[in-house]
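Taking it in order: structure first as structure tokens, then the write-up.
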Amino acid sequence: MVKTKKIPLRKSVVSNEQFPKKELLRIVYNKAGEISIDPTGKAAGRGAYIAIKNDEAQQAKQKRIFDRVFQTEITDRFYDELIVYVDHQVEREKLATVTYSIDEAPEI
């Protein structure tokens, strides 16, 4: 009998939807009062998750979600960095799923 591995679920603070942890991006707020993007998911501090979707990053900025979650004031610069980071991750994910036939492959 094969034991199925339990997939940890986390809730996105933007949409309140549950997602597998690997599909989310962790934002961490540490004791020094610094907020940062935590791609490893292992940084010390309080974490909140956001789905790696462009609209979620945009909504986080519009609604100032992390100001509320971490009960502090967060700069627009952080939200802008978050939007750029998420856009980049979304594009990378698209590239990972693109397959070319040998005739269509881009010249390298």
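Only the coordinates and a few stated rules stand behind these numbers; no lab work does. Everything numeric in this text was worked out from a predicted model, so none of it was measured. Here Cβ is always computed from backbone atoms with ideal geometry, including for glycine, and neighbour counts include all displayed protein chains.
Taking the C-alpha atoms only, the angle from helix 54-63 to the longest principal axis of the chain is near 10 degrees. So which lysines pass the test for LYS42, namely a Cα distance under 16 Å, with those fewer than 8 places away in the same chain ruled out? Hits, sequence-local ones excluded: LYS21, LYS22, LYS31. Only one residue of PRO20, ILE65, SER36 has its Cα farthest out toward the positive end of the dipole of the stretch 16-92, where Lys and Arg carry +1 and Asp and Glu -1 on Cβ, and that residue is PRO20. Length gained on full extension, LYS11 to ALA43, computed as 0.36 nm times the residue gap minus the Cα-Cα distance: 9.7 nm.
If both residues of a DSSP beta bridge must be in the chain, then about 95% of such bridges are antiparallel. Note on LYS6: aspartates and glutamates with a C-alpha under 19 Å away, same-chain residues under 8 apart excluded, are GLU17, GLU23. With R₀ fixed at 30 Å, the C-beta to C-beta distance from GLU23 to ILE83 puts the FRET efficiency at about 0.95. With each label modelled as a point 7 angstrom along the Cα→C-beta vector, the LYS63-ALA96 pair spans 2.6 nm. Angle of helix 76-97 to the longest C-alpha principal axis of the chain, folded into 0 to 90 degrees and rounded to 10: 20°. Taken about its Cα centre, the stretch 9-101 carries a charge dipole of roughly 400 debye when the Cβ of each Lys and Arg holds +1 and the Cβ of each Asp and Glu holds -1.
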